[in-house]
Amino acid sequence: MKRTTLVLLAAGMGSRYGGVKQIDGVGPNGEAIIDYSIYDAIEVGFTDLCFIVRAEIEGAVREFFAGKFPSGIGVSYAVQSLSDVPGGFSVPEARSKPWGTAHAVYAARHAVHTPFAVVNADDFYGRDAYRTVHRFLIDADPEAHEYAMVGYRLGETLSPNGTVSRGICHSDANGFLTSIQEHKKIERSGDRIIDTLDDGSTVDLSHDDIASMNVFGFTPAVFAQIESEFAGFLSESGTDPKSEFYIPTLMTRLIDANRARMRVLSTDAQWFGMTYKEDKPTVQAQIRGYIESGVYPKSLWG
């Protein structure tokens, strides 16, 4: 059996949520969204897990998951540290937090040696999303620079409790990504979906725009590319204390330089997440519905 790894981005600060939402219970026995993600991933064939955490919460996350998973599932942890930068670079004094999601994946380079998927720890993606990206990983050439992402319809990824940040994806006729455009303040306004720009103006978006929800499939070949592009990013933007090296930033740089391709995959799975504390009751209700319909057992880990 080909081994594949699920990399869970659990180092986020949760500033809009107000707590360690990565392990906040939403299931009947205190299960977090991340529990259901891992359950789905194991069900479709993932064999290994890698948790990307920040040092302050590593102990709490390790304790939360201790002894939960079936035997044979490999588990590792990697700490996303502000000081983890390529040789020749230093951290500006004004910088107070790590560099974003691509930097988080970079933190896994010593722990992950198989084709791998990347997901947010606090988002529910649905089993078909894991099945879709796992199918890609099973067939992936480990030395190739061809990657994948699973996209969702924008209108189905919004929160009624505030604005959200989404990367809107554009692809060519063959289904390969051409660009991801970041929109940072998306919300519904009547029957419209709008993004409010820094100058206060708005841009209209479509319900059917394909949004990146941070479900990516990579081979280990990406780690060297991340280091190279991260160095370029730091040269250009590293002195800005608020600059972010996101996965879409990485892929835009690689695609523009013809150094990688990314296939855009689709799914019928339902996404939901907890951007705000007020989202929690809705998430709990959705989880209850899945349990009642038999998608998940009431006691997830037995």
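Read-outs: derived from the displayed coordinates by stated rules, not from any lab. On a predicted model such as this, the values are computed, not experimentally measured, just so you know. We place every Cβ from the backbone using ideal geometry, glycine too, and count neighbours over all the protein chains shown.
If we count other beta carbons within 10 Å of each Cβ, what is the order of TYR77, TYR152, fewest first? Each step should come with its number before you reach the end.
On the way: TYR77 17, TYR152 24.
Taking fewest neighbouring Cβ atoms as first place, the list is TYR77, TYR152.
Of all DSSP beta bridges located in the chain, what percent are antiparallel, nearest 5? Show your work: numbers first, answer last.
Values: 29 of 51 bridges.
So the antiparallel bridges in the chain amount to around 55 percent.
In sequence order, what are the phi-derived ³J(HN,Hα) couplings for segment 40-54 according to the Karplus relation 6.51 cos²θ - 1.76 cosθ + 1.60 with θ = phi - 60°, rounded to whole Hz, with x for glycine and proline?
Running phi through 6.51 cos²θ - 1.76 cosθ + 1.60 with θ = phi - 60° gives 4, 5, 5, 4, 8, x, 5, 10, 9, 10, 10, 8, 9, 10, 9 Hz.
In terms of Cα to Cα distance under 20 Å, which lysines are near enough to LYS298, apart from those fewer than 8 places away along the same chain?
Reachable lysines: LYS68, LYS280.
Going by average Cβ density within 10 Å per residue, which order do the peptides 212-224, 268-280 take, highest to lowest?
On the way: 212-224: 21.5, 268-280: 17.2.
Ranking, from highest mean packing down: 212-224, 268-280.
Please build a GNM for the chain, connecting alpha carbons under 10 Å apart, and tell me which residue among LYS68, LYS184, LYS97 fluctuates the most.
Comparing LYS68, LYS184, LYS97 in the GNM, the peak value goes to LYS68.
For the chain, set up a GNM with springs between Cα atoms under 10 Å and report which of GLY200, GLY67, GLY151 has the largest fluctuation.
Between GLY200, GLY67, GLY151, it is GLY200 that shows the largest mean-square fluctuation.
Which label marks the calculated value of Rg and Dmax of the Cα atoms in Å, given the options (i) 27.9, 101; (ii) 18.8, 59; (iii) 18.5, 55?
(iii)
If the cut-off is 21 Å between C-alpha atoms, which lysines fall inside it for LYS242, apart from same-chain ones fewer than 8 positions away?
Straight-distance partners of LYS242: LYS97, LYS184, LYS185.
Could you pull out every one of the aspartates and glutamates with an alpha carbon less than 14 Å from that of LYS2, ignoring same-chain neighbours closer than 8 positions?
Answer for LYS2, where 14 Å is the Cα cut-off: ASP48, ASP139, ASP141, listed by chain and number.
Using packing as a proxy for protection, rank 226-235, 80-89, 3-12 so that the peptide with the highest average count of other Cβ atoms within 10 Å comes first.
On the way: 226-235: 18.4, 80-89: 13.8, 3-12: 23.4.
Output ranking for 226-235, 80-89, 3-12: 3-12, 226-235, 80-89.
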